[in-house]
Ligand code: ATP
């Protein structure tokens, strides 16, 4: 039995998570699979009532779960950043979910910007989730002498930066420090190669900009080489600008991309567009030996919340990705197959792809495909 923490969250989060839960109930009925759900009412409502984002007690309860399924965070009534930083990022760091896993697969029946080009789009993006230019170290300096002290605390290391700046002339300067540790690079790249091995892939593409940002991505490349040799899988290095071009022009050439945090952030949105839009994109924030969290890539979409217009496919595929990651491969495959059949039929389409089907009706269609024998 697997214990699953469920955080429906804000906006369309509860609507799409309801459908994902229905589909999970259906696979439980079909397979010998037992999942026990506990809901956590985190999000804007809870924050506005109590002033609290996540309590220590909630973190402790979540720590006892096998995985977490999350809808979305964000609400127009709350200043941007509070819920995202206070809940999403807090959970990511607390559980040290250092892998952001983003399958980018285009299913038959889903319109996309490359329509008519007959392109096969089926790649996995493994994005580093805790370092790079997203460590939050930076500042602003006006002319003259200044000193800034920063601290970066991770489970595996603690680092202090003293940045002394002597800025001549009366101008202003902003700076940001990017950090890639050998430990941080190794563990995510190792995850990528392990995944490639499990999926029997032939090529891992490492994304960087090592010709310009030579230090951080130089170290990254060293680790890619070490792990490519260890797992005996071919690797290629590509600059992020070339990857962006190829993702549009010839997406079929990619099997698995492993990327530092910043470039991964950008490329995965491009990936979401290629797979039909935000409503179709699943994701996992993974710690292979800890508690991982799965969520659709989209946000709370307040413009359509409560209207039964949200596309639940991203959330349903996230539930499938969760099962796959915790080892329930057959149940995960059931979910993906059901989603594929429903999309291929083109009968149940939400408004984001020009249809009129409501959120629960799309969920119902997927449930009935899961339960069907064919
Ligand atoms: P947040 O601040 O929570 O990120 P947002 O509106 O800025 O919210 P998204 O929620 O990602 O960002 O939405 C961006 C756009 O995509 C919106 O117009 C939204 O309606 C649309 N959208 C996002 N997710 C879905 C979905 N599952 N189904 C249909 N449309 C969606």
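The values are calculated or read from the model by the stated rules, or taken from the named source; none is laboratory data. Please read these numbers as outputs of a predicted model, since none were measured by experiment. Counting neighbours? That spans all protein chains shown, and the Cβs are built from the backbone with ideal geometry, glycine included.
The single residue among 61, 77 that is surrounded by fewer than 21 Cβ atoms within 10 Å (Cβ to Cβ) and within 16 Å of the ligand (Cβ to nearest atom) turns out to be 77.
Of 101, 145, 137, all but one fail to be touching a strand residue (DSSP E or B) at 6+ places or on another chain (Cβ under 6 Å), in contact (Cβ under 8 Å) with a residue 24 or more places away in the chain and farther than 27 Å from residue 319 by Cα; the exception is 137. One residue stands out in the stretch 206-220 among those that are under 17 Å from residue 187 (Cα atoms) and touching a strand residue (DSSP E or B) at 6+ places or on another chain (Cβ under 6 Å): the one that is surrounded by the fewest Cβ atoms within 10 Å (Cβ to Cβ), namely 216.
Here the strands (runs of 3 or more DSSP E) wholly within the stretch 1-88 that include at least 2 residues being at pLDDT 95 or above and under 20 Å from residue 297 (Cα atoms) are 2-9, 67-72. Here is a check on your reading of the model: is residue 276 on the phi > 0 side of the Ramachandran plot and buried (at least 21 other Cβ atoms within 10 Å of the Cβ)? Criteria met by residue 276. Scanning the stretch 88-102 for residues that are surrounded by 20 or more Cβ atoms within 10 Å (Cβ to Cβ) and either away from the ligand (no atom under 12 Å from the Cβ) or not assigned by TED's automatic domain parsing to the domain that holds residue 15 (or both) yields a total of 8. Could you check the stretch 104-134 and list, in sequence order, the residues that are part of a strand (DSSP E or B) and out of contact with any strand residue (DSSP E or B) (no Cβ under 8 Å at 6 or more places or on another chain)? The answer is 134, and nothing else.
Filtered by the rule that a residue be in contact with a helix residue (DSSP H, G or I) (Cβ under 9 Å, 6 or more places away or on another chain), surrounded by 14 or more Cβ atoms within 10 Å (Cβ to Cβ) and farther than 30 Å from residue 221 by Cα, the stretch 112-160 gives 112, 114. Residue 44: within 16 Å of the ligand (Cβ to nearest atom) and either touching a residue at least 60 places away in the same chain (Cβ under 8 Å) or closer than 18 Å to residue 295 by Cα (or both), yes or no? In short, yes. In the list 169, 129, which residue meets the criterion of being more than 16 Å from the ligand (Cβ to nearest atom), in contact (Cβ under 8 Å) with a residue 24 or more places away in the chain and within 24 Å of residue 4 (Cα to Cα)? Within the list 169, 129, the selection yields 129. Residues in the stretch 341-363 that are surrounded by 17 or more Cβ atoms within 10 Å (Cβ to Cβ) and touching a residue at least 40 places away in the same chain (Cβ under 8 Å): 343, 350, 351, 352, 353, 358, 359, 362, 363. Among the candidates 301, 333, 315, the residue that is modelled with pLDDT of 95 or more and in contact with a helix residue (DSSP H, G or I) (Cβ under 6 Å, 6 or more places away or on another chain) is uniquely 315. Criterion first (free of Cβ contacts under 8 Å to residues at least 60 places away in the same chain and out of contact with any strand residue (DSSP E or B) (no Cβ under 8 Å at 6 or more places or on another chain)) does residue 333 satisfy it? Considered against the rule, which asks whether it is free of Cβ contacts under 8 Å to residues at least 60 places away in the same chain and out of contact with any strand residue (DSSP E or B) (no Cβ under 8 Å at 6 or more places or on another chain), residue 333 comes out as yes.
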